[in-house]
1. Mind listing just one residue for me: the one in the range 97-141 that is in contact (Cβ under 8 Å) with a residue 12 or more places away in the chain and not in a strand (DSSP E or B) and, of those, nearest to Phe66 (Cα to Cα)?
2. Test Val43 against the criterion of being under 22 Å from Ile30 (Cα atoms) and not polar (S, T, N, Q), and give yes or no.
3. Counting just the residues of the range 33-49 that are aliphatic (A, V, I, L, M) and more than 26 Å from the chain's Cα centre (by Cα), which one comes out farthest from Gly59 (Cα to Cα)?
4. Collect the residues in the range 2-20 that are over 15 Å from the mean Cα position of the chain (by Cα) and open to solvent by less than 40 Å² (accessible area, probe 1.4 Å), keeping them in residue-number order.
5. Look through the range 21-33, keep the residues that are open to solvent by 60 Å² or more (accessible area, probe 1.4 Å) and over 15 Å from Lys123 (Cβ atoms), and return whichever of them is modelled with the highest pLDDT.
6. Tell me which of these Ile68 doesn't satisfy, since it passes every other one: (1) at pLDDT 95 or above; (2) farther than 24 Å from Val139 by Cβ; (3) not in a loop (DSSP other than H, G, I, E, B).
7. How many residues does the range 101-124 contain that are among the small types (Gly, Ala, Ser) and either buried (at least 16 other Cβ atoms within 10 Å of the Cβ) or farther than 19 Å from Thr31 by Cα (or both)?
8. Taking only the range 6-24 into account, find how many residues are assigned to a loop (DSSP other than H, G, I, E, B) and either under 17 Å from Pro141 (Cα atoms) or free of Cβ contacts under 8 Å to residues at least 40 places away in the same chain (or both).
Amino acid sequence: SIMANNVVNSRGVTVTIKIGTGTATKISGITDFSGIGSGSASVIDLTDLDSTAKEKQIGLMDEGQFKISYNVVKGDAGQAALDTARASGNACEIKVTTSASTYTFNAYVLTNEKSGAVDQQMKGSAGFEITGSVTTAAVAP
């Protein structure tokens with residue numbers, strides 16, 4: 001079907017991190033990501049005593065948080081950059097590239113947790129607080 005042919009597969013998605021004016025570095029081993037478009041705007045209550053029902057307006061958009069999970073890869077520069085960005089307390093640029101779109105935004109690395117268990121690979125998960133807007137661009141077919 002046409003719809004099945006147009007579904008965007010997550011296979012091949014890349015996530016890069018760029019600190020300051022440095023080069024964007026791919027974060028390897030990513031198993032999943034979430035959070036693009038999860039934020040919401042504030043609701044401003046404009047109701048007054050003359051109102052017959054609640055009156056509202058939308059405030060500024062808050063893009064919310066972005067999360068990734070990954071398999072820990074020894075010596076991976078992108079995974080190391082997560083720790084560097086977290087320690088610095090400065091925002092970094094994150095770019096998610098799918099077969100259909102790119103999503104670029106600035107974010108603070110809030111967490112970069114590692115875990116392990118019997119008969120499993122080491123795993124990591126990083127949480128980001130997005131600051132500013134997310135820029136979406138189409139990828140040429």
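The values are calculated or read from the model by the stated rules, or taken from the named source; none is laboratory data. Bear in mind that the values here come from a model prediction, so they are computed numbers and not experimental data. Virtual Cβ from ideal backbone geometry, glycine too; neighbours counted across all protein chains shown. Heavy atoms of the whole protein, side chains included, go into the accessibility calculation; ligands, DNA and RNA do not. Shrake-Rupley method; radii C 1.70, N 1.55, O 1.52, S 1.80 Å.
1. Thr98
2. Numbers: under 22 Å from Ile30 (Cα atoms): no; not polar (S, T, N, Q): yes.
Spelling it out, it is not the case that Val43 is under 22 Å from Ile30 (Cα atoms) and not polar (S, T, N, Q).
3. Leu49
4. Result: no residue meets the conditions.
5. Looking only at the range 21-33, we keep the residues that are open to solvent by 60 Å² or more (accessible area, probe 1.4 Å), and these are 21, 23, 26, 31-33.
Those left that are additionally over 15 Å from Lys123 (Cβ atoms): 21, 23, 26.
On the way: Thr21: 94, Thr23: 95, Lys26: 98.
So the residue we want is Lys26.
6. It fails just one condition, (2).
7. 2
8. Summing the residues that are assigned to a loop (DSSP other than H, G, I, E, B) and either under 17 Å from Pro141 (Cα atoms) or free of Cβ contacts under 8 Å to residues at least 40 places away in the same chain (or both) in the range 6-24 gives 10.
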